[in-house]
1. Could you tell me whether the range 49-56 includes any residue that is open to solvent by less than 80 Å² (accessible area, probe 1.4 Å), more than 17 Å from Leu110 (Cβ to Cβ) and in a helix (DSSP H, G or I)?
2. Considering only residues that are open to solvent by 60 Å² or more (accessible area, probe 1.4 Å) and in contact (Cβ under 8 Å) with a residue 24 or more places away in the chain, which ones fall in the range 3-40?
3. Taking the options Tyr112, Tyr59, Tyr96, name whichever one is open to solvent by 50 Å² or more (accessible area, probe 1.4 Å) and touching a residue at least 40 places away in the same chain (Cβ under 8 Å).
4. Scanning the range 71-93 for residues that are touching a residue at least 12 places away in the same chain (Cβ under 8 Å) and assigned to a helix (DSSP H, G or I), which turns out farthest from Ala9 (Cα to Cα)?
Amino acid sequence: MYMIRELTAVTNLWVGAELTWIAWLCATQGDAAQAQVVGLLGHPAVVVANIVALLGVIYHIVTWYKIFPLGIRLFRSTSPSETRLVPRFVWMLLLYGVTIVASIIILYGLTYRG
């Protein structure tokens, strides 16, 4: 399972490269880039690659958020003599909450035509 998780770095690289290319194309060519982007994203090989990348990114997120609280130790205390770790479920709620909010903001930015 560890090696599968590490292999998801390739899918993350694909997503990053694709989004960088789209952003660069849109920044340099403006509205004329839309036809090129739609043409690329509509190609069957790219659709399959994006589905595989989506599954890889989701797997990467879930496994990363699962191990994150084990590596980061954040303590909460009401007095110096009483030290307790922040519960794992709080970390999970925080991480997934930030991911959902960021995803909504990004999707809104990509689809807003105002």
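1. The answer is yes; a qualifying residue exists.
2. Ile4, Leu7, Val10, Trp14
3. Answer to the selection: Tyr59.
4. Top of the filtered list is Arg88.
The values are calculated or read from the model by the stated rules, or taken from the named source; none is laboratory data. Treat the numbers as computed from the prediction; the structure is a model and nothing was measured. Here the Cβ is made from the backbone with ideal geometry for all residues, glycine too, and neighbour counts use every protein chain on show. For accessibility, only protein heavy atoms count, side chains too; no ligands or nucleic acids. Shrake-Rupley method; radii C 1.70, N 1.55, O 1.52, S 1.80 Å.
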